[in-house]
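The block underneath contains the structure these notes are about, expressed in structure tokens.
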Amino acid sequence: MKKIANQLLKGYLLNLGLIICLAVVLYLSYNHYMNSQLDEYELDVTQIMADYLRDNTSLEELKIGQNDFILVTDKNMNILDVKNKTLDEHKTLIDYQLETSDGGSHSYYVFETQDGRYLFHLFLGFYLEDIRIIYILVISALILFIVFAFLHARRTSQTIVTPIHKLVSGVQEMQKGNYNIHIDYETNTELDEIKNAIHQLNHSLAQETEHRQRLESERNELILSLSHDIKTPLTNIIGYAQSLSMKTLEPEIRQSIDTIYKYGLIATHLTDELFDFAKMDQNDLFITEQTDIVEATKVKLTDYIVEFDTLQIQYDFIFPEKQIYCQLHLMNYLRVLDNLIQNAIKYNQPPIKIKFQIIELDQHVQIIVEDDGIGIPLNYHSTIFDPMIRVENSRNRALGGTGLGLSIAKKIMIKHQGNITLDPNHQKGCRFILEIPKS
Ligand code: ADP
């Protein structure tokens, strides 16, 4: 199995190789160019040297470029003659050499006459046209290097970055609960091992989820059939207790019959709630209808006005003056409202105030039910929508309750593609926020 490190190393070595090749090509081209220039002048210089020696003439004849110049010196470097520069008695060879660094580059060659009396110092100047060739070479080398670097980056991206993206999106899918993923790439690196490990994890999670779902559905089936089966004997017990209580009985027996009747009703309520809770998890069709949620909520709350007045509960309704349509399973939506209102009444001592508000948002509508009662302690907030969770205090114990109401409400809201939450920032009492998508 290839290692990512090997691949990267290969890339770096290829880059280094390319840089060296480019440098060598540049150097060779430059040298070749310089030599070709020199070849062009060398004959002339030799000839001129000969003429110069023979006739002691000037350097007029010598054909050199306008940026080139020649200095003739004796062995002691005293300047004797100059071409393409003005002869200045005060300047030394070094001064002329220094001048060449102004605004361009020069190559410097020295030719010695056969008798060793004169030295011809030839300066080939590379300005403008001449130097352009060097620029062209350097720029082409750079372009070549950039193209290579780009191709190399693309290849690295294909072998490393693209697989990493695929891994990340695969893991994100798993996070969403979709275990039907297939991460598709082949790199021959450690990334393949990660991919295989994720596939294995995905497989075990899929099995685990399937197993859990099967257990849940079996548990639901059990709850459904148990609550159904218990319901018939319970109805009989309540019925018999009721008919017995109509007879003339000794006070002790009447008290016992009343207790049987009372607990029979509590047990019936519990089995009903358990049945509803388990039923919510069944994949039965949840048929919703386009409904004006403002109107439906108003009608429901009107039913409570007499009860509110009797119990001296203040109420406040803040509703928008318009219709807002949502896909509602009306009966279940009203059941959630009932549960929240009855909880507010049941778990708080009057005087309390209940406030109902409907807020229209971009995509959703919020229905807020808040009271200023005792509230739910913060440490219960994360689990209050789980089944069988009740706030433990003496009053609640006396009230009984199944602890299923809010968990059923949550299931109903989720079936509406919405949600129910308990506002942790509400100062006094409970503030439940229902959210439903608008249609
Ligand atoms: P139940 O069906 O037994 O009423 P719920 O699931 O509806 O149970 O409520 C869970 C617990 O939350 C209750 O035991 C109660 O302590 C608490 N609770 C719910 N609503 C309120 C409220 N408005 N004010 C105070 N406590 C509440």
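The values are calculated or read from the model by the stated rules, or taken from the named source; none is laboratory data. Note that this is a predicted model, so its numbers are computed, not measured. Backbone-built Cβ (ideal geometry, glycine too); neighbour counts: all protein chains shown.
When the range 184-200 is examined, which residues are found to be in a helix (DSSP H, G or I) and charged (D, E, K, R)? Within the range 184-200, GLU190, ASP192, GLU193, LYS195 qualify.
Selection of strands (runs of 3 or more DSSP E) fully inside the range 352-438 by the criterion of at least 3 residues being closer than 17 Å to ASP338 by Cβ and within 12 Å of the ligand (Cβ to nearest atom) returns 364-371. Look at the range 173-187: where a residue is surrounded by 10 or more Cβ atoms within 10 Å (Cβ to Cβ) and at pLDDT below 90 and a partner is among the basic types (Lys, Arg) and not in a loop (DSSP other than H, G, I, E, B), sitting 6+ places away or on another chain with Cβ atoms under 6 Å, you get TYR185/LYS166. Number of residues in the range 222-241 that are in contact (Cβ under 8 Å) with a residue 12 or more places away in the chain and over 30 Å from ILE257 (Cβ atoms): the value is 1.
Selection within the range 308-349: residues that are surrounded by 12 or more Cβ atoms within 10 Å (Cβ to Cβ) and part of a strand (DSSP E or B). The member of this set that is farthest from the ligand (Cβ to nearest atom) is TYR325.
With the structure loaded, tell me whether GLU112 is among the acidic types (Asp, Glu), surrounded by 11 or more Cβ atoms within 10 Å (Cβ to Cβ) and at pLDDT 90 or above or whether it fails that test.
So GLU112 fails the test.
Scanning the range 229-277 for residues that are surrounded by 17 or more Cβ atoms within 10 Å (Cβ to Cβ) and touching a Phe, Trp or Tyr at 6+ places or on another chain (Cβ under 8 Å) yields ILE238, ALA241.
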